[in-house]
Amino acid sequence: MTIASPIDPKGQDLSMTDADFEIVSQYAHKHFGLAMSSSKKPLVSSRLARRLRHLKIDKFKDYIKQLDGPNAENEKNELLSLLTTNVTHFFREPHHFETLKNDVLPPVLAKARSGGRLRIWSAGCSSGQEPYSIAMLLRSMCPDVDRLDAKILGTDIDPVIVRKAQTAKYPMDELAQLPHEYRPKDLTGDTMPSSITSMVTFGTLNLIQPFPFKGKFDAIFCRNVAIYFDNPTQQKVWSAFQRALNPGGYLFIGHSERMSGPASAHFKTAGITTYINTPAGGDT
Ligand SMILES: C[S@@+](CC[C@H](N)C(=O)[O-])C[C@H]1O[C@@H](n2cnc3c(N)ncnc32)[C@H](O)[C@@H]1O
């Protein structure tokens, strides 16, 4: 069966068959951990049809061949961008930043002031608003943070969005909405100042693959990312985060995501979509 299909300007019928959809969804699951039920087919079909027109390809099966061809890496990233959203904003879900300020950072800053490390990871950071929000909050609490061994890491699977995050450039109206107490005093134009960007390191990382880190984190923000994964993949990612956190470290997840699987035994609920790593046993 095929669904009502987009027609390209030359009148060609870019219809996606169930078999085409199945191949794309298996590819997306294998490479990105994405779960795509058949209800997503109309959306996927129309987004991909646009891409096919751009590439001047008139059959889905020829597009699918490109995903294994010489230009595969580039097309893989394009496909990922078509299948996911990069929507984000500064200080999204403000209650997490309240917890960061009141509960997470005071003891971690004390540890860093006596020579320890402070590490926070924004996993699935999109265009950078999340890690820069963390950096602004941290700077506001600790103006001399440069003296400490304090680092914020921002990673995303999509190299294009990571490059955008690194430019630290945002629309002026978006920057105008920064909360007054966290707005950097040296922010004048449309680009985050170096007092903030110097605190954040970016990298490309696929969360469904093993993490490359040696050290552990005091807090991980992974919000509105696992929503795309199927349940077994989510559970693997929660367990990987649990192993990547210090004892007492915090995990913040998105408003429509929930902790589940074996990691639940180690995470104690500490607020809305907020969990503390308690290796001896959690409560969820
Ligand atoms: C909706 S944005 C969330 C941004 C931010 N965390 C927030 O809550 O505002 C989702 C991000 O997850 C990224 N993403 C999707 N699958 C991923 C994966 N397997 N590994 C890492 N990042 C992934 C996407 O590229 C996108 O930038």
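The values are calculated or read from the model by the stated rules, or taken from the named source; none is laboratory data. These figures come from a predicted structure and were not determined experimentally. Here the Cβ positions follow ideal geometry from the backbone for every residue, glycine too, while neighbour counts run over all protein chains shown. The protein model used for the area step is the full one, side chains on, heavy atoms only, and it has no ligands, DNA or RNA in it. Shrake-Rupley method; radii C 1.70, N 1.55, O 1.52, S 1.80 Å.
Shape class of segment 232-282 from the alpha-carbon gyration tensor: oblate, with a/c at 1.5 or above and b/c at least as large as a/b. Once the cut-off is 16 Å, how many percent of the Cα-Cα pairs in segment 147-196 end up in the long-distance tail? Value for segment 147-196 (Cα pairs over 16 Å): 52 percent.
Using the 1.4 Å probe convention, the accessible area of segment 18-83 works out to 53 Å² per residue with neighbouring protein chains retained. Close amide H partners of Phe229, meaning residues 5 or more places away or on another chain with modelled amide H under 5 Å apart, are Ala35.
Rg/Rh for segment 18-83 to two decimals, with Rh computed the Kirkwood way over all alpha-carbon pairs. With Rg and the Kirkwood Rh in hand, the quotient comes to 0.91. The distance from the alpha carbon centre of segment 189-210 to that of segment 68-131 is 8 Å, rounded to a whole number.
Note that segment 271-279 has calculated 3J(HN,Hα) couplings of x, 5, 6, 10, 9, 10, 6, 10, x Hz, one per residue in order, obtained from phi through the Karplus relation 6.51 cos²θ - 1.76 cosθ + 1.60 (θ = phi - 60°); glycine and proline are x.
Placing +1 on the Cβ of every Lys and Arg and -1 on the Cβ of every Asp and Glu, with nothing else charged, gives the chain a dipole about its Cα centre of roughly 440 debye.
Per atom type, segment 18-83 shows carbon and sulfur on 52% of its accessible surface, probed at 1.4 Å.
Both the radius of gyration and Dmax for segment 55-149 are 20.5, 63 Å, in that order, over alpha-carbon atoms. In a simple Cβ point-charge model (Lys, Arg +1; Asp, Glu -1; nothing else charged), segment 131-249 has a dipole of about 340 debye relative to its Cα centre.
For Lys41, Lys236, give the ranking by accessible area with the largest first, probe 1.4 Å.
Heavy-atom accessible area, descending, gives Lys236, Lys41.
Surface calculation, 1.4 Å probe, protein heavy atoms: Val225 sits at approximately 20 Å² accessible.
The mean sequence distance of close C-alpha pairs (under 8 Å, at least 6 residues apart), as a share of the length of the chain, puts its relative contact order at 14 percent. Between the amide H of Phe267 and those of Thr278, Gly282, Asp283, Thr284, distances stay under 5 Å, these residues lying 5 or more places away or on another chain, with hydrogens modeled in the peptide plane.
Couplings 3J(HN,Hα) for segment 249-266, derived from phi with the Karplus relation 6.51 cos²θ - 1.76 cosθ + 1.60 (θ = phi - 60°), are x, 9, 10, 10, 10, x, 5, 9, 10, 9, 5, 7, x, x, 5, 4, 5, 10 Hz, where x marks Gly and Pro. Normalised by 2.2 N^0.38 Å, where N is the number of residues, the C-alpha radius of gyration of segment 94-277 stands at 0.99.
Among Ile134, Ile220, Ile272, the largest mean-square fluctuation in a Gaussian network model of the chain (Cα springs under 10 Å) belongs to Ile272. Dipole magnitude for segment 18-83: about 220 debye, using +1 per Lys or Arg Cβ and -1 per Asp or Glu Cβ, origin at the Cα centre.
Give me the percent of accessible area attributable to carbon and sulfur for segment 223-284, probe 1.4 angstrom.
The computed percentage sits at 59.
Projecting the Cα positions of Asn277, Leu138, Thr197 onto the charge dipole of segment 94-277 (unit charges on Cβ atoms of Lys, Arg, Asp and Glu, taken about the Cα centre) puts Asn277 furthest along the positive direction. Loop-resident chymotrypsin sites (Phe, Trp or Tyr not before Pro) (DSSP state other than H, G, I, E or B) in segment 185-273 with no more than 15 further Cβ atoms inside 10 Å of their Cβ: Phe213.
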